[in-house]
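Coordinate-derived values only; no laboratory data. As the structure is a prediction and not an experimental result, all values here were calculated from the model. Here the Cβ is made from the backbone with ideal geometry for all residues, glycine too, and neighbour counts use every protein chain on show.
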Amino acid sequence: MTGLIGRKLGMTRVFDAEGTHVPVTVIEAGPCPVVQVAGSQVQLGFERKKATRTAKALAGHAKKAGLEAAPRVLQSFPLADAGEAPPPKAGDSVTVAIFAAGDRVKVTGVTKGRGFQGVVHRHHFGGGPETHGNTRHRKPGSIAPGTDPSRVIKGKRMPGHMGARNFTELGLRVVKVDAERNLLFVRGSVPGPMNGLLTVRKQGGRSRHD
């Protein structure tokens with residue numbers, strides 16, 4: 001397997017063998033039951049959904065895999081290389097044991113929502129002059145010429161909704177794996193608030209942080 005579904009528990013610190021302080025994010029990753037195997041994709045579930053809130057189609061989908069309750073979250077992951085391990089079957093459980101200390105991973109989550117923000121906060125504009133009667137301290141300024149092209153160019157940085165979007169943090173290192181408690185300790189920060197859902201995937205090849 002190449003990934004797991006998890007939940008962000010928060011940040012703490014650990015000390016390596018040399019006594020160096022390492023900031024880490026603690027992720028509750030799995031266990032994730034295998035709901036379906038289709039071609040080169042494996043569909044995993046995470047947590048349980050209340051029976052009263054489960055659609056009949058989803059309940060039947062979970063029952064076909066031998067699950068007692070429908071998962072709250074469903075996510076598909078590509079299968080690992082054929083030579084690494086036998087492919088999982090529906091009903092199996094994938095745990096955090098697929099990761100090891102030193103692995104490089106990429107973590108995807110939904111960033112914290114910041115609401116409607118101006119250009120200074122959203123795009124880090126420098127703002128206008130603060131003296132001599134100027135009143136455009138935090139305004140965006142001119143957004144387009146009036147004659148040509150007589151429109152606002154697509155992609156112009158302007159005020160708007162900030163945060164609450166999918167974001168993937170690349171090149172993170174696994175510092176520690178606690179298989180008994182299904183915990184993954186990843187160096188650095190990951191997107192999203194505490195208790196936010198995350199997807200942790202193995203990252204092959206070089207990272208942009210190398």
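The one condition from (1) of a type outside the set (Asp, Glu); (2) part of a loop (DSSP other than H, G, I, E, B); (3) within 30 Å of ALA100 (Cα to Cα) that ARG157 does not meet is (3). Taking the criterion of being free of Cβ contacts under 8 Å to residues at least 40 places away in the same chain and either outside any strand (DSSP E or B) or charged (D, E, K, R) (or both), the residues of region 17-30 that qualify are ALA17, GLU18, GLY19, THR20.
Within region 29-63, the set of residues being small (Gly, Ala, Ser) and touching a Pro at 6+ places or on another chain (Cβ under 7 Å) comprises SER40, GLY45, ALA62. For region 30-60, a residue qualifies if it is buried (at least 19 other Cβ atoms within 10 Å of the Cβ) and either among the acidic types (Asp, Glu) or over 14 Å from THR199 (Cβ atoms) (or both), and the qualifying residues are PRO33, VAL34, VAL35.
From the list GLY163, GLY127, the lone residue that is surrounded by 11 or more Cβ atoms within 10 Å (Cβ to Cβ) and closer than 30 Å to ARG187 by Cα is GLY163.
Residues satisfying the criterion are absent from region 188-196 (criterion: part of a strand (DSSP E or B), within 26 Å of GLY10 (Cβ to Cβ) and either hydroxyl-bearing (Ser, Thr, Tyr) or without any contact (Cβ under 8 Å) to a residue 24 or more places away in the chain (or both)).
Inspection of region 102-113 identifies no residue that is more than 18 Å from THR168 (Cβ to Cβ) and aliphatic (A, V, I, L, M).
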